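A short write-up of the structure that comes next.
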Amino acid sequence: MPERRPLAASALHRLAFRFTAHPSTFGSKCELTIQGGDMPDSFRHSLGTPTGGASTAPPDTAWPRTDATVHIDRSWSSWYGAHSGYVAALALTAMHDCLAGRTGHPVPVRTVGAHFLAPVDEDPLRFAPRVLREGRRTSMSSVIALQGGAPVLTGSAVFGRSGSGPAYTDLPVPPVPNPVDCPSFTLPRDLALFASHLEIHPATDARPLGGGERAELLAWIRFADHRPLEARTLVVLADALPPALFALWTAPRPVPTVELTVHFTDALDARPAQDWALVRIRTEHAGSDWAIENSAIWSTDGRLLALARQARAIREKFGAPRAG
């Protein structure tokens, strides 16, 4: 293997090389950007002959393709626009398939983050993913989502291959009844139309707008179509419950997500979990019209699947759409 030369630190220009990735599950046009004046031999070789190949995953019709213009159905709406978790899941799809198109096979995602610049509506939505780094063990990508020519989301993701390092967890699954033993709950359609895609069974007595004493909600959730609990699904579920502040309040007010980050555990490496997931959301701090919330997601067999944190803006009342 030729020796990999470091990028020139003093380079004053930027080299951008475009290529069309062969489709994996959803196929995506993407861009690889190299900062600096020298191109490593490994990058020169891979760009000279783009690596193709399809994902080993079967075609998935439950998720829209992101290599073309996306129209998000109104059934995924929440607050003033499309559900933030769903939009972030589509952004993850674009970055995943951009990288898989280069490597010829999918690489597990370890974390995904999204900043929501403006509400997303039913107009055409386009994702522009970019591979920032393609490494043997770790790769990084970014994405911009555009609607009407303006950016509405920026995101990034870290992908990493599995290893054989030590294992540890300090977040056991809460002791709650099984999903079938918990009552079903329906979120108001005028506030959370996206919930029509989900089945929600609260696992405690806490309810949204229940006037409780603790800003925490805990519920079993699954997709109505019973899709597997893989990374995209977990991004949606991490943002599926109402803001945990709703457990304290008795009247609704907008608390839109401005930033969302989801970290995935190695429990997804072996196989996707199935059916129900236990989702807990907590408000860790709120003040000055901002809130910080943490979420955790477990499988029915007690495996920790993902951890998430999001920043929310607390609005006074429902009104004209605003960024976030």
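The values are calculated or read from the model by the stated rules, or taken from the named source; none is laboratory data. Because the structure is a prediction, the values reported are computed rather than measured. Don't worry about glycine lacking a Cβ; one is built from the backbone with ideal geometry, like all the others, and counts go over all protein chains shown.
Does Thr169 satisfy the condition of being over 28 Å from Arg74 (Cβ atoms), exposed (fewer than 15 other Cβ atoms within 10 Å of the Cβ), in contact with a strand residue (DSSP E or B) (Cβ under 8 Å, 6 or more places away or on another chain) and at pLDDT 95 or above? Show your work before the answer.
Numbers: over 28 Å from Arg74 (Cβ atoms): yes; exposed (fewer than 15 other Cβ atoms within 10 Å of the Cβ): yes; in contact with a strand residue (DSSP E or B) (Cβ under 8 Å, 6 or more places away or on another chain): yes; at pLDDT 95 or above: no.
When the stated conditions are applied, Thr169 does not pass them.
Kindly evaluate Pro119 against the criterion of being closer than 29 Å to Gly210 by Cα and in contact with a Gly (Cβ under 7 Å, 6 or more places away or on another chain).
Yes.
Among the residues of segment 240-270, which ones are over 30 Å from Val107 (Cα atoms) and free of Cβ contacts under 8 Å to residues at least 40 places away in the same chain? Let's see the steps before the verdict.
Initially, segment 240-270 is screened for residues over 30 Å from Val107 (Cα atoms), giving 242-256.
Within segment 240-270, Phe246, Leu248 qualify.
How about segment 206-237: which of its residues are in a loop (DSSP other than H, G, I, E, B) and under 17 Å from Thr283 (Cα atoms)?
Within segment 206-237, the subset in a loop (DSSP other than H, G, I, E, B) is 206-215, 224-228, 230.
Across segment 206-237, the qualifying residues are Ala206, Arg207, Pro208, Leu209, Gly210, Gly211, Gly212, Glu213, Arg214, Ala215.
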Exercise for review: Among the residues of segment 159-204, write down those that are part of a loop (DSSP other than H, G, I, E, B) and of a type in the set (D, E, K, R).
Suggested key: Arg161, Asp170, Arg189, Asp190
Review point. In segment 227-248, is there at least one residue being over 15 Å from the mean Cα position of the chain (by Cα) and among the hydroxyl-bearing types (Ser, Thr, Tyr)?
Key: no
Study note, to complete from the structure: Thr186 meets each of (1) under 17 Å from Leu248 (Cα atoms); (2) surrounded by fewer than 18 Cβ atoms within 10 Å (Cβ to Cβ); (3) of a type outside the set (A, V, I, L, M, F, W, C) with one exception, condition (1)
Point to revise | Residue that is farthest from Pro106 (Cα to Cα), among those in segment 271-314 that are in contact with an Asp or Glu (Cβ under 7 Å, 6 or more places away or on another chain) and of a type in the set (A, V, I, L, M, F, W, C) | key: Ile314
